Amino acid sequence: MNKTPLTVAGAEKLRAELHRLKTVDRPSVIAAIAEARSHGDLSENAEYDAAKERQGFIEGRIAEVESKLSHAQIIDPRLLDADGRCVFGATVELEEVDSGKVLLYQIVGEDEADIKDNKISISSPIARALIGKYAGDIAEVLAPGGVRELEILDVRYV
């Protein structure tokens, strides 16, 4: 299977989620199942059904997170030597050519992407248009509203 790029911060976030799932969520759902079993007849026990469903979700998520971590290629943006190119992990300052609006994005893995935190997925149209470009270049992004031109003001590896 191919390696999936992940920043150091994204890997830490997944590890923290995995730890919580295994040490907090899993034991609590096991206790909920035991409590529901103590109520007697399981065939009409909604608490038992809900707890079992939650257990299935937790076990599925544990497997998913473990798989993502085992197939991750962890990249530390601070250690990159990309000579000012836009690459995975780079933080890019952009200016919309039409409006003059300044944007700041970090290019991250799909699991880390969070537009509210200015993190865009490596597979997003903006990131794909930026990859390989340098400060001063213009990236053309095919957006739902048409083509957007973004001038790259600065590329940092933080």
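General remarks:
- The charge dipole of the chain, taken about its Cα centre with unit charges on the Cβ of Lys, Arg, Asp and Glu (plus for the first two, minus for the last two), comes to roughly 400 debye.
- Pair ALA143, VAL8: separation of 7 Å Cα→Cβ label points (nm): 3.3
- Around the amide H of GLU110, modelled in the peptide plane, lie the amide H atoms of ILE122, all under 5 Å away and 5 or more residues distant in sequence or on another chain.
- Expressed to the nearest 5 percent, the antiparallel share of DSSP beta bridges inside the chain is 75 percent.
- Matching label, Rg/Rh (Cα atoms, Kirkwood Rh) computed from the structure shown, candidates [x] 1.19; [y] 1.11; [z] 0.96: [x]
- Using a Förster distance of 35 Å, the FRET efficiency for TYR134-ARG20 (Cβ separation, nearest 0.05): 0.30
- Partner lysines for LYS101 [C-alpha distance under 26 Å; skip if fewer than 8 residues away on the same chain]: LYS116, LYS119, LYS133
- Scaled against 2.2 N^0.38 Å for its residue count N, the alpha carbon radius of gyration of region 4-75 is 1.42.
- FRET efficiency, 1/(1 + (r/R0)^6) with R0 41 Å, evaluated for ALA50 and ASP76 via beta carbons: 0.50
- Trypsin sites (Lys or Arg not before Pro), loop per DSSP, at most 13 other Cβ atoms within 10 Å - longest free stretch of the chain: 4-100
- Amide H within-cut-off set for LEU94, under 5 Å, with H built and near neighbours excluded: LEU103, LEU104, TYR105, LEU153
- Choice from ILE58, ILE30, ILE75 with maximal GNM fluctuation in the chain (Cα, 10 Å cutoff): ILE30
Computed from the coordinates by the stated procedures, all read-outs in this text should not be read as laboratory data. Small disclaimer: the values here were computed from a predicted structure and weren't measured. Cβ: placed from backbone, ideal geometry, glycine included. Neighbour counts: every protein chain shown.
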